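The values are calculated or read from the model by the stated rules, or taken from the named source; none is laboratory data. Just so you know, these numbers come straight off a predicted model, no measurement behind them. We place every Cβ from the backbone using ideal geometry, glycine too, and count neighbours over all the protein chains shown.
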Amino acid sequence: MGKALDGVRILDMTHVQSGPTCTQLLAWFGADVIKVERPGVGDISRSQLRDIPDVDSLYFTMLNHNKRSIALNTKGERGKEIFTALIRKCDVLAENFAPGALDRMGFTWDRIQEINPRMIYASVKGFGPGPYVDCKVYENVAQCTGGAASTTGFDDGPPLVTSAQIGDSGTGLNLALGIVTALFQRERTGRGQRVTCAMQDGVLNLCRVKVRDQQRLKHGPLKEFPQYPNGKFGDAVPRAGNSSGGGQPGWVVKCAPGGPDDYAYVIIQPQGWEPLMKVIGREDLVDHPDWRTPADRLPKLDQCFAMVEEWTKTKTKFEVMEILNPLNVPCGPILSIKDLVEEPSLRQTGTVVEVDHPTRGSYLTVGNPIKLSDSPSEVKRSPLLGEHTDEILKEVIGYSDEEIAAAHEQGAV
Ligand SMILES: CC(C)(COP(=O)(O)OP(=O)(O)OC[C@H]1O[C@@H](n2cnc3c(N)ncnc32)[C@H](O)[C@@H]1OP(=O)(O)O)[C@@H](O)C(=O)NCCC(=O)NCCS
């Protein structure tokens, strides 16, 4: 079966997590992704957090499926010639180096357009234009500078980062959408364009509800926050623990038998109050004048969830889910990563996939979270460093065997 992005060729200068997330997604949709890596070194993540000596790390293998690898020194003269030839043959150039790295190699946006006016040049950077534009950025820096850390955690504790990689993988998803959108526009105009995504922007975009709350704060306390009614609000949105970011109150409650992940999240919608009170044995509160309406309950949400917890502590998180869902009470067990990778339904949908690798053996990875009915994703192992160098020189830019040998001799590849 054909794939959605068949015929699209991506010159992939990405490394670590944010850029590779983007190009992996495009590769799953069928693009031919040519990963350009420094000879002998490769993407730095090949050797980071290694679990097996001298074998590509899981960090690398899990972000670079379905790609080809060419080891190419883009700083030497011969390497630059090859890179220029690749720019001519590709539709997209993606990168996430520190600001200015490609310019320093001589590949400015002006130069890239000269070489190939149809080229879409897509970059992830830490920040957009402004005081921090030249800074290097990693995931947690983006979380801290994008509003997530100041609003995550409990009121009496320090700012917290979240383990969901919203700065890196989140921005990679934005970049992928930018690229596909630019390809779509190119269909009409015939011209490429520049696509830029700042990690700070990406994180702030995901913190939109907190920008909402910042403005609400001018008009009074945030009544769904655990600080209400007894705590104090300052002039910035505080950390709200596990309270829901939406309009319906929610909290994490303990479940049996009391292990580190034996918790469930329970939400109290107005229509869920009656069935929830009945199931926990507090039918007396269903029509009680102090508890009946959402407004009655707002100042005592802590007591509401304490009562719910008295009941959930007697059930497992899965029993809570089984009992509350049919009553239309939104809730979710806190699933550990172990629970998730062992879940058969996620294996069946290709969300969790087992992949075989020539030097590592088999390992688990997270497959494409976006399912297209006419373009199913097949997860193929990541390339070894430079595995496709000769093949790419030959097939993509038409080098002869002699030219390939010369490129090797000159240390370009
Ligand atoms: C992630 C980051 C902090 C890593 O920084 P770093 O390890 O110091 O690496 P850099 O990006 O500075 O670049 C590596 C160098 O390798 C060079 N290089 C990369 N590929 C090369 C190749 N194939 N041939 C020759 N040189 C190459 C680059 O030109 C650069 O050299 P320069 O500093 O002389 O310009 C930085 O790249 C960054 O801020 N990226 C943008 C934001 C981002 O995506 N962050 C999240 C990463 S998950």
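Before moving on, here are some points about what is shown:
- Filtered residues of segment 79-98 (kept if surrounded by fewer than 17 Cβ atoms within 10 Å (Cβ to Cβ) and either assigned to a loop (DSSP other than H, G, I, E, B) or of a type in the set (S, T, N, Q) (or both)): A98
- Scanning segment 239-261 for residues that are touching a strand residue (DSSP E or B) at 6+ places or on another chain (Cβ under 9 Å) and in a loop (DSSP other than H, G, I, E, B) yields G241, N242, S243, S244, G246, Q248, P249, C255, P257, D261.
- One residue from T145, T151 being buried (at least 17 other Cβ atoms within 10 Å of the Cβ), hydroxyl-bearing (S, T, Y) and without any contact (Cβ under 8 Å) to a residue 60 or more places away in the chain: T145
- Checked against the criterion of being surrounded by 13 or more Cβ atoms within 10 Å (Cβ to Cβ) and modelled with pLDDT under 95, the candidates P226, P275 yield just one match: P226.
- Where a residue in segment 224-238 is part of a loop (DSSP other than H, G, I, E, B) and its partner, wherever it lies, is of a type in the set (D, E) and at pLDDT 90 or above, with Cβ under 8 Å and at least six apart: P226/D155; P226/D302; Q227/D155; G231/D155; V237/D213; P238/D155
- Test: residue in segment 122-141 that is within 28 Å of D235 (Cβ to Cβ), of a type in the set (S, T, N, Q), within 12 Å of the ligand (Cβ to nearest atom) and not in a loop (DSSP other than H, G, I, E, B): yes
- Residue in segment 380-413 that is surrounded by the fewest Cβ atoms within 10 Å (Cβ to Cβ), counting only those that are closer than 18 Å to G42 by Cβ and acidic (D, E): E391
- Test: S69 is within 10 Å of the ligand (Cβ to nearest atom), crowded, with 20+ Cβ neighbours inside 10 Å and polar (S, T, N, Q): no
- Sole residue being without any contact (Cβ under 8 Å) to a residue 40 or more places away in the chain, out of contact with any strand residue (DSSP E or B) (no Cβ under 7 Å at 6 or more places or on another chain) and of a type outside the set (S, T, N, Q), chosen from P326, P376: P326
- Scope segment 118-142; condition out of contact with any strand residue (DSSP E or B) (no Cβ under 6 Å at 6 or more places or on another chain), β-branched (V, I, T) and under 25 Å from A164 (Cβ atoms); matching residues: V137, V141
- Restricting L86, L49, L102 to those that are near the ligand (Cβ under 10 Å from one of its atoms) and at pLDDT 95 or above reduces the list to L102.
- Qualifying strands (runs of 3 or more DSSP E) (wholly inside segment 305-396; at least 1 residues being aromatic (F, W, Y) and more than 30 Å from H15 (Cβ to Cβ)): none
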